[in-house]
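What follows is a set of notes on a single structure, which appears directly below.
The values are calculated or read from the model by the stated rules, or taken from the named source; none is laboratory data. Remember, it's a predicted structure, so these values are computed and weren't measured experimentally. Glycine gets a Cβ as well: all are built from the backbone with ideal geometry, and neighbour counts include every protein chain shown. Accessible surface areas use protein heavy atoms only, side chains included; no ligands, DNA or RNA. Shrake-Rupley method; radii C 1.70, N 1.55, O 1.52, S 1.80 Å.
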Amino acid sequence: MGHRDTAGAGRQDASDEAAYDVLGVGFGPANLALAVALREHPWEDVKAAFLERRPRFGWHPGMLLDDATMQVSFLKDLATLRNPVSPYGFLSYLHERGRLVSFINQKDFFPTRLEYHDYLEWAAATFSDLVSYDTEVVRAAPVQDGDEVTAFDVTAREVTTGRTTTLRTRNLVVATGLVPRMPAGITASDRIWHSSELLYRLADLDGREPGRFAVVGAGQSAAEVVAHVHSVFPRAEVTGVIPQYGYSPADDSPFANQVFDPDAVDDFYGSPPGVKDKFYAYHANTNYAVVDLDLINDLYRRMYRESVRGRRRLTMLPMSRVTDATETRDGVLLHVTRAMTDRTEQLAVDVAVFATGYDPMDASTALGPVAELCKRAGSGALRVARDHRVETEPRVRAGIYVQGGTEHTHGISASLLSNISGRAWEITESIAARRRLAAPH
């Protein structure tokens, strides 16, 4: 695959001769899987590049907790489900690292998140010549040949220097990742954090130990944060503020897990709106606001042991929501509404961590004027075809593809790791097929 370096003040590469076949916006696991698919596809002369605003590859680096494990099997990696002998699979990584036999001896399908992140970094390193890190997309503009839109000119800016460059591409693939969500009216600050920043924020404490933590949320991240700060700060009091009565276990049983299978994407995509709603109603407990059962049991045992000792550091406020959070001179003052008493109480802590989830990416923010070419559903969401191509006017021959933000069309797994290898291959096949149709005969 060809590439170019975006360094150089004002350098332009916006001509039809220099145009890319594929330009990826973002270089997390989704577009990394796309890079793998492009390299393994018979389409050998593809010209591709990727732009990533972060200074290096990273996948939720602020939550790489020592004992946190994956919730998906290692076999659902960048390539294995579509190509079991791929050199980019997790088993190839283990073999190269000299840990394959040891990993097998664990008899475990779920590696730690730290190890999986190392696997992703290992794979990403092989594509370093295709990726411009520390580079953000400013806008994308349509390139017209008569009335037809044949390409896009993408303006990219180096984050550290502010220098810009323009690249032309026949296909854009947007995969900018999830966006951390804070509750309405609450803003992150020095003592009010989103869980995605946890490890960075803890490192900034410089040895200062908070005496009181509040962790807001009911999902896996919330429970992991509670366990982590409870362990790392052995003198600190930790309060979990949970909108449910307690943490609920994730349903990872075989039949329920089929909702993440590749075939389930076809079933979901072809379903009428009412059936799509039922998918989420029936199977939300596979992914949303649920926690691994082993972690739930661990936290409950901690609370029980503390009750035996007579000194409780870990407490839970069930059926509770934080309605306001204000930094004070001494820490954070939370207003917590308790549903069972219909009363609002004040909770004073040193640090408040909001593990309140993520919003899907909005591809429009990276598209600029190109977003006006995209068709939308009545809800305002992008209309996306089964091959992950955004529906546009017929005159638009250039392709816009999205990885993420398609839960409304492609189902629960749209923003998860479960199907990244298959989705990347579908996008690659779609781009290659459209290129063959456009080629002169």
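Is it true that Ser379 is exposed (fewer than 15 other Cβ atoms within 10 Å of the Cβ), touching a residue at least 24 places away in the same chain (Cβ under 8 Å) and hydroxyl-bearing (Ser, Thr, Tyr)? Please lay out each step first, then the result.
Values: exposed (fewer than 15 other Cβ atoms within 10 Å of the Cβ): yes; touching a residue at least 24 places away in the same chain (Cβ under 8 Å): yes; hydroxyl-bearing (Ser, Thr, Tyr): yes.
The answer is yes for Ser379.
Can you name every residue in the range 278-335 that is assigned to a strand (DSSP E or B) and basic (Lys, Arg)? It would help to see each step written out before you state the result.
Initial filter on the range 278-335 (assigned to a strand (DSSP E or B)): 291, 314-317, 320-327, 332-335.
Within the range 278-335, just Arg321 meets the criteria.
Let's see how each residue does on (1) under 21 Å from Pro318 (Cα atoms); (2) outside any helix (DSSP H, G or I); (3) open to solvent by 50 Å² or more (accessible area, probe 1.4 Å):
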{"site": "Leu172", "(1), (2), (3)": "no, yes, no"}
{"site": "Ile186", "(1), (2), (3)": "yes, yes, no"}
{"site": "Leu198", "(1), (2), (3)": "no, no, no"}
{"site": "Asp206", "(1), (2), (3)": "no, yes, yes"}
{"site": "Glu209", "(1), (2), (3)": "no, yes, yes"}
{"site": "Ala218", "(1), (2), (3)": "yes, yes, no"}
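Could you list, in sequence order, all residues of the range 338-352 that are crowded, with 16+ Cβ neighbours inside 10 Å and closer than 15 Å to Ser320 by Cα? If you could, list the steps in order and put the result at the bottom.
We begin by selecting, within the range 338-352, every residue crowded, with 16+ Cβ neighbours inside 10 Å; these are 347, 349-352.
Hits for the range 338-352 are Leu347, Ala352.
If I filter the range 233-241 for residues that are under 21 Å from Leu64 (Cβ atoms) and not small (Gly, Ala, Ser), do I get at least one hit?
Within the range 233-241, one or more residues are under 21 Å from Leu64 (Cβ atoms) and not small (Gly, Ala, Ser).
Just the residues that are within 18 Å of Ala33 (Cβ to Cβ), open to solvent by 50 Å² or more (accessible area, probe 1.4 Å) and not acidic (Asp, Glu), please, taken from the range 88-132.
Selection gives Leu91, Ala125, Thr126, Ser128.
If a residue must be among the hydrophobic types (A, V, I, L, M, F, W, C), assigned to a helix (DSSP H, G or I) and free of Cβ contacts under 8 Å to residues at least 24 places away in the same chain, how many such residues does the range 336-373 contain? Can you show your working first?
Keep residues of the range 336-373 that are among the hydrophobic types (A, V, I, L, M, F, W, C), which gives 336, 339-340, 347-349, 351-355, 361, 363, 366-367, 370-371, 373.
Next, from what is left, pick out any that are assigned to a helix (DSSP H, G or I): 366-367, 370-371, 373.
Filter once more, keeping what is free of Cβ contacts under 8 Å to residues at least 24 places away in the same chain: 371.
So the answer is 1.
Given Ser92, Ser86, Ser128, which one is in a helix (DSSP H, G or I) and among the small types (Gly, Ala, Ser)?
On the way: Ser86 fails: in a helix (DSSP H, G or I); Ser128 fails: in a helix (DSSP H, G or I).
Exactly one of Ser92, Ser86, Ser128 is in a helix (DSSP H, G or I) and among the small types (Gly, Ala, Ser), namely Ser92.
Residues Phe255, Phe213, Phe260: which one is loosely packed, with under 15 Cβ neighbours inside 10 Å and of a type in the set (Phe, Trp, Tyr)?
Values: Phe213 fails: loosely packed, with under 15 Cβ neighbours inside 10 Å; Phe260 fails: loosely packed, with under 15 Cβ neighbours inside 10 Å.
Being loosely packed, with under 15 Cβ neighbours inside 10 Å and of a type in the set (Phe, Trp, Tyr) holds for just one of Phe255, Phe213, Phe260, which is Phe255.
Identify, please: which residue in the range 286-304 is hydrophobic (A, V, I, L, M, F, W, C) and more than 23 Å from the chain's Cα centre (by Cα) and is, among those, farthest from Val225 (Cα to Cα)? Don't jump to the end; show me each part of the working.
Keep residues of the range 286-304 that are hydrophobic (A, V, I, L, M, F, W, C), which gives 289-291, 293, 295-296, 299, 303.
Add one more test, that the residue is more than 23 Å from the chain's Cα centre (by Cα), and what stays is 296, 299, 303.
Numbers: Ile296: 12, Leu299: 11, Met303: 15 Å.
For the range 286-304, the residue satisfying everything is Met303.
Are any residues in the range 386-407 part of a loop (DSSP other than H, G, I, E, B) and either open to solvent by 30 Å² or more (accessible area, probe 1.4 Å) or among the hydroxyl-bearing types (Ser, Thr, Tyr) (or both), and if so, which ones?
Just the residues of the range 386-407 that are part of a loop (DSSP other than H, G, I, E, B), to begin with: 386-388, 391, 393-395, 397-398, 403-406.
Scanning the range 386-407 gives Arg386, Asp387, Glu391, Glu393, Pro394, Arg395, Arg397, Thr406.
In the range 53-87, which residue that is open to solvent by 20 Å² or more (accessible area, probe 1.4 Å) and charged (D, E, K, R) is nearest to Leu114 (Cα to Cα)?
Asp66
Under 8 Å between Cβ atoms, which residue pairs at least 6 apart in sequence (or on different chains) link something in the range 409-427 that is among the acidic types (Asp, Glu) with a partner that is crowded, with 20+ Cβ neighbours inside 10 Å?
The qualifying pairs are Glu426/His388.
Quick one: would you say Arg168 is free of Cβ contacts under 8 Å to residues at least 60 places away in the same chain, of a type outside the set (Phe, Trp, Tyr) and either at negative phi or surrounded by fewer than 17 Cβ atoms within 10 Å (Cβ to Cβ) (or both)?
no
Can you name the residue in the range 355-374 that is surrounded by 22 or more Cβ atoms within 10 Å (Cβ to Cβ) and either over 17 Å from the mean Cα position of the chain (by Cα) or charged (D, E, K, R) (or both) and, of all such residues, is nearest to Ile242 (Cα to Cα)?
That would be Leu367.
Between Arg157, Arg235, Arg139, which is touching a Gly at 6+ places or on another chain (Cβ under 8 Å), open to solvent by 20 Å² or more (accessible area, probe 1.4 Å) and part of a strand (DSSP E or B)? Steps first, answer last, please.
Numbers: Arg157 fails: touching a Gly at 6+ places or on another chain (Cβ under 8 Å); Arg235 fails: part of a strand (DSSP E or B).
Checking each option against the conditions leaves just Arg139.
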